[in-house]
1. Which of the helices in the chain, when you take each full DSSP H run, stretch at least 27 Å along the axis at their Cα atoms and have an average Kyte-Doolittle score of -1.0 or higher?
2. Counting only protein heavy atoms and a 1.4 Å probe, tell me what percentage of the chain's accessible area is made up of carbon and sulfur.
3. Over the chain, average the accessible area per residue using a 1.4 Å probe and give it in Å², no decimals.
4. Using a 10 angstrom cutoff on alpha carbons, build the Gaussian network for the chain and name the most mobile of Ile21, Ile53, Ile40.
5. Do me a favour and compute the ellipsoid semi-axes for the chain from its Cα gyration tensor, root of five times each eigenvalue, largest one first, whole Å.
6. At R0 = 30 Å, how high is the FRET efficiency between Glu33 and Ile7 if r is their beta carbon distance? Nearest 0.05 is fine.
Amino acid sequence: MDIIALILVIIGGINWGLVGIFDFNLVNFLFGEFSMISRIIYTLVGLGALWSITFFFRDEILSRFRTKEA
């Protein structure tokens, strides 16, 4: 799941970079603006970003459990 989330976040980041630098939205270009496929892709990228937030807290939580067990 982590790898899928990371791939989705990278896709979203590349798309936003293209929008910011070249005013070119790759997802809309490939699948059409406001099409169902585009909406699904944006939703998956958003879910991947939400999942990726957990990356910040995993080491902290795991280290707390490790110190309690020792």
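1. 2-22
2. That share works out to 74 percent.
3. About 83 Å² of surface per residue is accessible.
4. In this elastic network of the chain, the residue with the biggest mean-square fluctuation among Ile21, Ile53, Ile40 is Ile21.
5. Here the semi-axes work out to 35, 12, 7 Å.
6. Result of the calculation: an efficiency of 0.80.
The values are calculated or read from the model by the stated rules, or taken from the named source; none is laboratory data. All of these numbers come straight from a predicted model, not from anything done at the bench. Glycine also receives a Cβ, built like all others from the backbone with ideal geometry; neighbour counts cover every protein chain displayed. Protein only, heavy atoms only, side chains kept; ligands, DNA and RNA dropped before computing areas. Shrake-Rupley method; radii C 1.70, N 1.55, O 1.52, S 1.80 Å.
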